[in-house]
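Structure, as C-alpha cells:
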Amino acid sequence: MTISAHAELFAGKTVEDFSPETGIQEPTTKIYRISTHYDAEEGIVDCFKVFLEDPRVSEISGIVIGCWVTDVDESSEDIVEALVAAREKLPNLKAIFLGDMTYEEVEISWIVQSDLSPLLTAYPQLEYLTVRGNQGLSLGVLKHDRLKSLVVETGGLSVGVVSEVCNAELPELEHLELWLGVEDYGGDTTVDDLQPILSGQLFPKLCYLGLRDSEIADEIAIALASAPVLEQIKVLDLSLGILRDAGAEALLDNPAIAQLEKLDIHHHFISDELVTRLEELGIEIDASDRQEVEEYEDESYFFVAVSE
C-alpha cells in the first residue's frame, strides 16, 4: 500500500483544493489545500501568496500544504518560513498539515522536511499539526500550550524526532500518532526509545496513542504489558504494521487491553484464531485487512503498509 489519495478530512473539516478563480468560499467549514507540482511555473510560496491575497483568508481555521516540490531535493523550509511570516494574516489558524502528497507526486520516503519549530512559536493557538515525511524533519524543543493532536507520518521515523516528542511539553495533547516505518527508510526507533511515551507520564490528557506502520509492532505489543499509558488512553492503534501472533498473544495476555474503548490493528499478519479471540474481548476491534506472508526461497517476508 502507498498513499494514493489526498486528505479529504483534516481537523474535523472537509479539505478542498484552493482555486484562485473561486477563492475562499467557506472559511469556517472547509480547510483549503495549496499545492504545486514539478512542471508548475509557480512554486508553493507563490501559490501561498495568492492564497493570502484572498479577502477572507483571515477567517480560515486550517490549511493543508500539499506538494511543494519543483526539484527533487526541495525541502519544506521555504513554505515554513512563508507560513511563519503570514501569522498576522492568519489569526484564526489552528490546524496545519504539512506534506499532503501522494506517491505519484513524491514517495513518502523522498519528502524532505525541515525544522518545524518556528511554526509552533508563530501559532500559539495551534491545535492540530500533521506532518508527512522524515528526511530533514525536526520538531525542535517541542513546547506548546494548546496543541491537541500531533501526527507524524513517515516510512521510517528517526529516533531523533521520537526523542523530541519524548522531551515535549504538550499539556493539552490528546492524540499522538507516530508512523514508525522500517529501518531501510530511516526508521531506527526501538521500543526502548518509546518508553517515555509508554510510561504515561508525558501527556496527561492523552486518549489516543498510535504507534503505526511499524516493523517492530510485536515488540511494542509485548512492551505494553507493563505500560502505564494503557491506564489513561481510550484508543490504541497498532495498525499498518507487522503485527503477528506473538504480538496478538501479548495483547490477549494484557488485562489493560480489555479496558480500552478501541483497538485498531488493521493491516496485520495474525492468525484467524487469535483475531477471533481479540474480537471476543468486548471492545471495538478493527482487525480488517489481514495480510498474507510472502514466501521466497524458504524465507518469509512481512511488510508494513507504507514504507518507500
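Only alpha carbons enter this Debye calculation for the range 1-130, each as an equal point scatterer, and the log10 of I(q)/I(0) it gives at q = 0.09, 0.10, 0.11 Å⁻¹ is -0.23, -0.28, -0.34.
The three principal axes of the C-alpha atoms in the range 198-238 carry coordinate ranges of 28, 18, 15 Å, sorted with the longest axis first.
Result for the chain in a Gaussian network model with C-alpha springs under 10 Å: among D46, D100, D71, the largest mean-square fluctuation is at D71.
The candidates E297, E174, arranged from most to least accessible area with a 1.4 Å probe in the full protein assembly, appear as E297, E174. Among E127, E280, E295, whose mean-square fluctuation peaks in a Gaussian network model of the chain (Cα, cutoff 10 Å)? With Cα springs under 10 Å in the chain, the top fluctuation among E127, E280, E295 is at E295. In percent, rounded to a whole number, the relative contact order of the chain is 11, using alpha-carbon pairs under 8 Å and six or more apart. Using a probe of 1.4 angstrom and keeping all protein chains present, the accessible surface of the chain works out to 45 square angstrom per residue.
For the listed residue pairs K30/K205; K49/K205; K89/K234; K49/K234; K89/K262, the alpha carbons are over 32 angstrom apart in K49/K205; K89/K234; K49/K234; K89/K262.
A 1.4 Å probe over all protein chains sorts K89, K13 by accessible area into K89, K13, starting with the largest.
Along its three principal directions, the equivalent ellipsoid of the range 2-79 from the Cα gyration tensor extends over semi-axes of 21, 16, 10 Å, largest first. Each of H266, H144 has its accessible area taken with a 1.4 Å probe; listed largest first, they run H266, H144. Over every Cα atom in the chain, the radius of gyration and the widest Cα-Cα span, Dmax, amount to 19.8, 64 Å.
If you place +1 on the Cβ of every Lys and Arg and -1 on the Cβ of every Asp and Glu, how big does the dipole about the Cα centre of the range 122-269 come out, in debye to the nearest 20?
Working: 9 positive and 24 negative charges, 105 e Å.
Computed about the Cα centre, the dipole is about 500 debye.
Ignoring any ligand, DNA or RNA, what whole percent of the accessible area of the chain comes from carbon and sulfur when the probe is 1.4 angstrom?
Numbers: 6160 of 13840 Å².
C and S atoms contribute 45 percent here.
With a simple spin-label model that places each label point 7 Å from the Cα along the Cα-to-Cβ direction, the separation between E59 and Q232 comes to 3.9 nm. Starting from a Cα-only point model with no solvent, please compute log10 I(q)/I(0) by Debye for the range 117-258 at q = 0.12, 0.13, 0.15, 0.18 1/Å. Reported log10 I(q)/I(0), two decimals: -0.45, -0.52, -0.70, -1.01.
Which shape class, rounded, prolate or oblate, goes with the range 41-197 when its Cα gyration tensor gives a ≥ b ≥ c as root eigenvalues, a/c under 1.5 marks rounded, and past that a/b bigger than b/c marks prolate? Could the numbers behind the result be given before it?
Numbers: a/c = 2.32, a/b = 1.26, b/c = 1.84.
The shape class here is oblate.
If you take all other residues with their beta carbon under 15 Å from the beta carbon of E53, and give Lys and Arg +1 and Asp and Glu -1, the sum is -3.
In the chain, the DSSP-assigned H stretches of four residues or longer account for a calculated mean residue ellipticity at 222 nm of -5000 deg cm²/dmol, using -39500 (n - 2.57) per stretch and the full residue count as denominator. If you take the Cα centroid of the range 219-241 and the Cα centroid of the range 77-94, the two points sit 35 Å apart.
The values are calculated or read from the model by the stated rules, or taken from the named source; none is laboratory data. Nothing here was measured: the structure is a model prediction, and the numbers come from that model. Quick reminder, even Gly has a Cβ in these numbers, built from the backbone with ideal geometry, and neighbours come from all protein chains shown. With ligands, DNA and RNA removed, areas are computed over all heavy atoms of the protein, side chains included. Shrake-Rupley method; radii C 1.70, N 1.55, O 1.52, S 1.80 Å.
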